[in-house]
Amino acid sequence: MIEWMVNFALQLLETCKDILPIVAVIIGFQLLVIRKPLPRLKKTLIGFLYVLLGIAFFLEGLDMALFPLGSIMASQLTTPEFLGINPLDQTIFWQTYFWIYIFAASIGFATALAEPSLLAVALKAEQISGGTINAWGLRIAVAIGVGFGLALGSFRIVTGIELYYFIIPGYVIVLIQTRFTPKMIIGLAYDSGGITTSMVTVPMVTALGLGLAEAVPGRNPLLDGFGLIAFASLFPIIAVLGYAQIAQWLNRT
């Protein structure tokens, strides 16, 4: 218990150091540029305290649960016993890792739906559009995009195909879709890529990628373990643009 408290205190100290530049910028602009005292100073200080404690607990939770869990799941789903293959057999086909793709798609879908930033943006978009943009439909579209992206990214790690073979064609598709998508959804669709790579999604995605790269024979965690977040950012854009195009087509028929 004492050891955990010491580690948490160190984590809290590191968090304070990370938050300090943000506080300095806000206070600096408030006092030197706007030249007015901070409004509701007491509530602001309490809010910063909550932020510090929340981030510190969150980072501690990552180290204790999410990162190990992602690595453990990846290693368990790639053991020769689970896959039903000979441990000495070096010729392993990409189809052998079928359950990895299913797990990646499922965890991507679930984490995207659980992402607080996506929920906030979806509700605000529905409110501003007067109900034209459905919050639940937007969240489902983004979650499908993240799930498909992570499944495809896991396939890339298993096969060892270079990252740019997927990312460049993906953004070409985005550019083509942008040309034919209703203008009011374009900015929201592009933002959806960044929304999903936030507090809930990134830790699980990173842990999954590194764990998978460590477990698959012939893969380098440094070269192959990263890149899943790029898929999690790209394919929600494609999914939301596609969702808007389908909705537009249905309204015309």
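Straight-distance candidates among the lysines for linking to residue 124, with alpha-carbon spacing under 26 Å and chain neighbours fewer than 8 residues away dropped: 43, 183. The packing ranking, built from the mean of other Cβ atoms within 10 Å per residue, places the peptides 31-38, 152-159, 179-186 in the order 152-159, 179-186, 31-38, highest first. Mean separation of Cα pairs under 8 Å and 6 or more residues apart, divided by the residue count, gives the stretch 1-155 a relative contact order of 19 percent.
So, R0 is 45 Å and r is the distance between the beta-carbons of residue 33 and residue 223; what FRET efficiency does that work out to, to 0.05? About 0.50, to the nearest 0.05.
Our helix-only sum for the chain, with -39,500 (n - 2.57) per DSSP H run of n ≥ 4 divided by its residues, gives a mean residue ellipticity at 222 nm of -25000 deg cm²/dmol.
Relative to one another, the C-alpha centroids of the stretch 1-78 and the stretch 151-218 are positioned 27 Å apart. Modelled spin-label separation between residue 23 and residue 190, with each label point placed 7 Å from Cα along the Cα-to-Cβ direction: 3.5 nm.
Entry comment: accessible area of the stretch 187-253 is 43 Å² per residue, from protein heavy atoms only and a probe of 1.4 Å. Ligands, DNA and RNA left out, the accessible area of the stretch 28-136 computed with a 1.4 Å probe is 71% carbon and sulfur.
State which helices in the chain qualify, where a helix is a whole DSSP H run, it must extend 20 Å or more along its own axis by its Cα atoms, and its mean Kyte-Doolittle hydropathy must be at least -0.5.
Working: long enough: 2-28 (38 Å, 1.34); 41-61 (30 Å, 1.51); 98-114 (24 Å, 1.80); 135-159 (36 Å, 1.48); 164-180 (24 Å, 1.25); 201-215 (21 Å, 1.32); 228-252 (36 Å, 1.28).
Span-like helices in the chain: 2-28, 41-61, 98-114, 135-159, 164-180, 201-215, 228-252.
The values are calculated or read from the model by the stated rules, or taken from the named source; none is laboratory data. As the structure is a prediction and not an experimental result, all values here were calculated from the model. Positions of Cβ are backbone-derived with ideal geometry, glycine not excepted, and every protein chain shown enters the neighbour counts. Protein only, heavy atoms only, side chains kept; ligands, DNA and RNA dropped before computing areas. Shrake-Rupley method; radii C 1.70, N 1.55, O 1.52, S 1.80 Å.
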